[in-house]
Amino acid sequence: MKPFLEGKDLKQWRAESRNLYLILFPKGWTREQIGSEIEPIDETTAWNWLKQQHPAICQTLEPFAVAGRKRTDKGDFWWEMRTCAYYDKYEEDKIIFAHFQDAPLYFFDRKRIYTNNRGYIFPNAGFFELGLLTSKVMWMVFTGMTSSIRGGFYEATTQNTNRFPIPDATDEQKTAIATLAENCQALAEQRYTLENAFRRRIPDLCPKDRDPKLSQKLQAWWLLDFSAFRDEVKKLFKQDIPFDDVDKWSGRFDKDKAVLQDLSYQLAVQEQALNRAVYALFGLDAAEIALLEATI
C-alpha cells in the first residue's frame, strides 16, 4: 500500500491528501514471493496464495477482476502493474509537482508518495531546487516557454520543466535558498493542517437528516468573519449553531483564524526573502526585478 496523490491534490508547498492509497504489485512480484520464477504458475493458484497472504487487499481487488484481465498494461497477472523503470524513484525523497499549474505547484516529499499521470517527480532534488522552482524567476521562465490553456492554466510537462535554467550557485547560496524553501513548506503545511482541522469539525453542526457536504464558503472558512460563518452554516444546514455552543465555536474560530493569519504573514515574509535570494543568484538588478514583478 502506497500513499497516492492525484494532480488536483498537489498545491504550492504542500499536498492536500484525500487519504488515497495505491495497491502496488509490480510485474513479477507474485512469482517472486511464491518462489516460482521459473516454474509455471497459473492464475488460480497465484490468486489463492495472494488471498491467504493479503485477504483484505484481495477483497478490495476482487470486484475488478474482469476489468483487470482486459488490461493491456498488466504484469504477469491482472492485479500486477506493468514494468516500470522508475518505481524506485518514488521510494526516494523527491520533488512532486502538478501537470496543470496556475501557480508554482511544487513540494518536497519524504513520505514515498506515488502519483497518477497528472503528477510528476524530480528525483535527486532537494530544497534548493524546490526554492528555484517556486520562485518568481522560474515562474516567469515557465510561463514564457509554454502557452496557457483554458482557465489560465499552464501544462508543466517534463519536456518543459527539464529545460529550466539552473545557474551555478555557491554552497552558501544553496544553503540559504534551501533553508528558505524548507521554511516556506513547513509554514504552508502548518497552515493547511490548521485549516483542515477546523474544517473537519464543521459537519458536527449538520443535523443527522441533512447532507454534511460543505459549501465553498465553508471550505474556505478562514476567509469569513464569525458572523458570516454562522450565517453560512444556517443557510446550508437549515439550522443555526446551538445557542449554548456559540461562544465555544466563536472562540475556536477567532483563535484559529488569528493563527492562520500569522502563518500566512510568516510565509509571505519567507517567500519574499526566497525571491530576493533567487534574484541575486540570477544577477538581476533593480530595474529587471521591477519589470519581472510587474509582468507576472
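The values are calculated or read from the model by the stated rules, or taken from the named source; none is laboratory data. Just so it is clear, the model here is predicted, and its values are computed rather than measured. Note that each Cβ is placed from the backbone with ideal geometry, even for glycine, and that neighbours are counted across all protein chains shown.
What the table shows:
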| read-out | value |
| --- | --- |
| Hits in the range 205-231 (condition: more than 28 Å from the chain's Cα centre (by Cα) and buried (at least 16 other Cβ atoms within 10 Å of the Cβ)) | Leu205, Cys206, Phe226, Arg230 |
| Selected residue [surrounded by fewer than 19 Cβ atoms within 10 Å (Cβ to Cβ) and more than 30 Å from Leu187 (Cβ to Cβ)] from Thr30, Thr45 | Thr45 |
| Ala268 being within 21 Å of Leu105 (Cα to Cα) and either assigned to a helix (DSSP H, G or I) or in contact with a helix residue (DSSP H, G or I) (Cβ under 7 Å, 6 or more places away or on another chain) (or both) | yes |
| Near pairs, Cβ below 6 angstrom, 6+ apart or cross-chain, from the range 121-133 (surrounded by 23 or more Cβ atoms within 10 Å (Cβ to Cβ) and in a helix (DSSP H, G or I)) to any residue that is at pLDDT 95 or above and among the small types (Gly, Ala, Ser) | Leu130/Ala181; Gly131/Ala181 |
| Count of residues meeting criterion [in a strand (DSSP E or B) and without any contact (Cβ under 8 Å) to a residue 40 or more places away in the chain] in the range 1-24 | 2 |
| Identity of the residue in the range 1-27, among the aromatic types (Phe, Trp, Tyr) and buried (at least 19 other Cβ atoms within 10 Å of the Cβ), that ends up farthest from Asn196 (Cα to Cα) | Phe25 |
| Residue, surrounded by the fewest Cβ atoms within 10 Å (Cβ to Cβ), within the range 78-101, restricted to residues that are without any contact (Cβ under 8 Å) to a residue 40 or more places away in the chain and among the hydrophobic types (A, V, I, L, M, F, W, C) | Ala85 |
| Cβ pairs under 8 Å, 6+ apart, first in the range 58-71 and over 20 Å from Thr45 (Cβ atoms) and without any contact (Cβ under 8 Å) to a residue 40 or more places away in the chain, second β-branched (Val, Ile, Thr) and surrounded by 14 or more Cβ atoms within 10 Å (Cβ to Cβ) | Thr60/Ile23 |
| Residue within the range 186-204 that is part of a helix (DSSP H, G or I), of a type outside the set (D, E, K, R), surrounded by fewer than 19 Cβ atoms within 10 Å (Cβ to Cβ) and in contact with a Pro (Cβ under 8 Å, 6 or more places away or on another chain) present | yes |
| Residue within the range 146-154 that is surrounded by 14 or more Cβ atoms within 10 Å (Cβ to Cβ) and either closer than 17 Å to Phe282 by Cα or small (Gly, Ala, Ser) (or both) present | no |
